[in-house]
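Visitor: First, the structure itself, so that you have it in front of you.
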Amino acid sequence: MTEEDFIGVFDSGVGGISILKELTSQLPNEDFLFFGDSANAPYGEKTIEQVQKLSCDLAGRLIDRGAKAVVIACNTATGAAARMIREAYPSIPVVGVEPAVKPAAMILPKKKILVMATPMTLQQNKYRSLAARFDAQTTLIPLACPGLAARIEEGELDQADLLEMLEQLLRGYVNQIDGVVLGCTHYPFIKKQIRKILGDIPMFDGAAGTAKELRRRLEEAKALTDRKEPGRVIFDSSKKDPKELLLYEDFFRAETTV
Ligand code: DGL
């Protein structure tokens with residue numbers, strides 16, 4: 001990949017790959033550079049200042065490498081730092097992700113929707129004002145999931161310890177809710193495991209909305225590629241272990257639409 005004309009995508013770790021999958025499917029001719037900050041994951045249990053610093057640094061490094069647009073493929077980092085990044089780089093399209101409360105409320109009006117997310121996402125004003133917009137339409141039940149993103153970072157998603165963690169988090173909601181918002185980009189990788197506990201209920205994530213918004217912003221900036229050949233995807237990580245990049249490729253191949 002020439003170090004220009006690519007879209008930089010970052011997350012605290014593997015989670016953003018669930019967004020990357022949708023971006024590459026909706027914008028197949030674009031080149032993408034995905035950066036996972038796995039050495040610093042999880043973000044959702046840090047202070048807001050720490051997440052702001054890490055996110056602004058990562059966005060800056062992607063832009064220095066030549067990114068024509070940046071996708072913050074992390075709900076936690078979007079809530080903490082999207083505004084700062086946009087202010088620092090006003091000429092670059094910067095697209096974030098937010099919990100998919102809006103599509104969930106439209107499809108399940110007057111129903112009970114569990115919003116699974118990191119502790120930090122649910123504490124932020126950004127989430128509170130999003131939830132307040134849909135409160136009259138539907139019942140949103142926030143569920144902070146400390147430890148879950150960190151466990152997903154390790155891979156091996158069918159192991160008993162992960163199912164046990166989910167069982168503990170979700171057991172009080174069996175037959176009590178009508179849908180789930182996956183408000184952390186790590187969680188689409190464990191849809192099957194969540195369904196094992198909650199049954200076959202609708203789940204919503206922010207990937208499609210993020211890809212649509214990225215296309216709109218690139219069109220607006222006249223920055224969509226005119227290449228006809230398939231774009232390339234490069235992975236990079238702050239965890240300098242070659243195994244980490246293989247893990248990212250495994251996640252990129254994993255099914256998230258089940
Ligand atoms: N994947 C991220 C999110 O969407 C953050 C997970 C974490 O690092 O805590 O919030």
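The values are calculated or read from the model by the stated rules, or taken from the named source; none is laboratory data. No experiment lies behind these values; they were computed from the predicted model shown. Because the Cβ atoms are built from the backbone with ideal geometry, glycine has one as well, and the counts that use them run over all protein chains shown. Remember, those area values only see protein heavy atoms, side chains included, never the ligands or the DNA or RNA. Shrake-Rupley method; radii C 1.70, N 1.55, O 1.52, S 1.80 Å.
Visitor: Look through VAL181, VAL233 and report the one residue that is within 16 Å of the ligand (Cβ to nearest atom), crowded, with 19+ Cβ neighbours inside 10 Å and not polar (S, T, N, Q).
Guide: VAL181
Visitor: Mind checking which pairs have a first residue in the stretch 96-116 that is basic (Lys, Arg) and a second that is not in a strand (DSSP E or B), Cβ under 7 Å, 6 or more apart or different chains?
Guide: If the second residue must be not in a strand (DSSP E or B), the pairs left are LYS102/PHE134; LYS110/THR138; LYS111/THR138; LYS111/ASP178; LYS112/GLN176; LYS112/ILE177; LYS112/ASP178.
Visitor: Within the stretch 123-165, take every residue that is surrounded by 14 or more Cβ atoms within 10 Å (Cβ to Cβ) and away from the ligand (no atom under 16 Å from the Cβ) and give me the one that is modelled with the lowest pLDDT.
Guide: GLN137
Visitor: Out of (1) closer than 25 Å to ALA77 by Cβ; (2) open to solvent by 70 Å² or more (accessible area, probe 1.4 Å), the odd one out for MET120 is which?
Guide: (2)
Visitor: Name the residue that is nearest to the chain's Cα centre (by Cα), counting only residues in the stretch 97-111 that are farther than 14 Å from MET203 by Cβ and open to solvent by 20 Å² or more (accessible area, probe 1.4 Å).
Guide: GLU98
Visitor: Among the residues of the stretch 23-38 satisfying the criterion of being touching an Asp or Glu at 6+ places or on another chain (Cβ under 9 Å) and assigned to a helix (DSSP H, G or I), which is surrounded by the fewest Cβ atoms within 10 Å (Cβ to Cβ)?
Guide: SER38
Visitor: Which of the residues spanning the stretch 8-34 are of a type in the set (A, V, I, L, M) and within 12 Å of the chain's Cα centre (by Cα)?
Guide: Matches in the stretch 8-34: VAL9, VAL14, ILE17, ILE19, LEU20, LEU23.
Visitor: From the list ALA39, ALA81, which one is more than 14 Å from VAL14 (Cβ to Cβ) and more than 8 Å from the ligand (Cβ to nearest atom)?
Guide: ALA81
Visitor: So, one more: Which ranges mark the helices (runs of 4 or more DSSP H) fully within the stretch 140-258 that have 2 or more residues being without any contact (Cβ under 8 Å) to a residue 12 or more places away in the chain?
Guide: Hits in the stretch 140-258: 160-170, 207-220, 242-253.
Visitor: If a residue must be outside any helix (DSSP H, G or I) and either surrounded by 23 or more Cβ atoms within 10 Å (Cβ to Cβ) or without any contact (Cβ under 8 Å) to a residue 12 or more places away in the chain (or both), how many such residues does the stretch 70-93 contain?
Guide: Of the residues in the stretch 70-93, 7 are outside any helix (DSSP H, G or I) and either surrounded by 23 or more Cβ atoms within 10 Å (Cβ to Cβ) or without any contact (Cβ under 8 Å) to a residue 12 or more places away in the chain (or both).
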